[in-house]
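Okay, structure first, notes after.
The values are calculated or read from the model by the stated rules, or taken from the named source; none is laboratory data. As the structure is a computational prediction, the values presented were derived from the model and not from experiment. Because the Cβ atoms are built from the backbone with ideal geometry, glycine has one as well, and the counts that use them run over all protein chains shown. Only protein heavy atoms, including side chains, enter the accessible area calculation; ligands, DNA and RNA are left aside. Shrake-Rupley method; radii C 1.70, N 1.55, O 1.52, S 1.80 Å.
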Amino acid sequence: MDQKYLKRTIKKESLMSKHLNAEKKVLVYLPPDFDENTKYPALFLHDGDDYFSFGRIATQANQLIYEQKIEPVIMVAIPVDKSLRAAEYSPLGERNNLHIQFVTEELLSFIQERYPINENLVIGGSSLGATVSLHI
């Protein structure tokens, strides 16, 4: 494999959420040969920091892009404070609607302003992360 495909570009971003009344940090994966003049599909991941650390999703994406099995994609990891996970991700959680508003009204526009993403957007997660993704 070409060595440049082993290198991962992951940017740390931070935004203040008025809905959650908290600073939210996200991780943004940029594909190999990232070009600011090209629009990319985007994958937003709940519990995203786990995908980056435990799941090694950036390494896996680089490999699949290199093998031309997937097109280059921008991935946005949405970390969650584990003590607030059920409150924000569960449909019965007291912060669920606020989290949904954060993602749809704040995070999406924040990413669109800073990164060249196209209209092909996917949101996902596992367990409660999948539940909140489905509700969004």
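Which length gain, in nm to one decimal place, applies between E23 and E113 when the Cα-Cα distance is subtracted from 0.36 nm times their residue separation?
The span from E23 to E113 would gain 30.6 nm if fully extended.
Can you give the Kirkwood hydrodynamic radius for the chain, in Å, rounded to one decimal and based on Cα pairs?
Computed over Cα pairs of the chain, the Kirkwood hydrodynamic radius comes out at 15.3 Å.
State the antiparallel share, in %, of DSSP beta bridges confined to the chain, rounding to the nearest 5.
Roughly 55 percent of the beta bridges in the chain run antiparallel, per DSSP.
Give me, ordered by chain and number, the residues 5 or more places off Y40 or on other chains with an amide H under 5 Å from its own placed amide H.
Here I117, N118 satisfy the definition.
Expressed as a whole percentage, what fraction of the accessible surface of the chain belongs to carbon and sulfur atoms when a 1.4 Å probe is rolled over the protein heavy atoms?
50 percent
Given a 1.4 Å probe, how much area per residue of the chain is accessible, in Å²?
56 Å²
Taking only C-alpha pairs under 8 Å that are 6+ residues apart, what is the relative contact order of the chain in percent?
Result for the chain is 30 percent.
Would you calculate a helix-derived [θ] at 222 nm for the chain, using -39,500 (n - 2.57) for each DSSP H run of n ≥ 4 and dividing by the full residue count, to the nearest 500?
Result for the chain: -7500 deg cm²/dmol, rounded to the nearest 500.
Pop a pseudo-label 7 angstrom from the Cα along the beta-carbon direction at both T104 and D81 and give the gap in nm to one decimal.
2.3 nm
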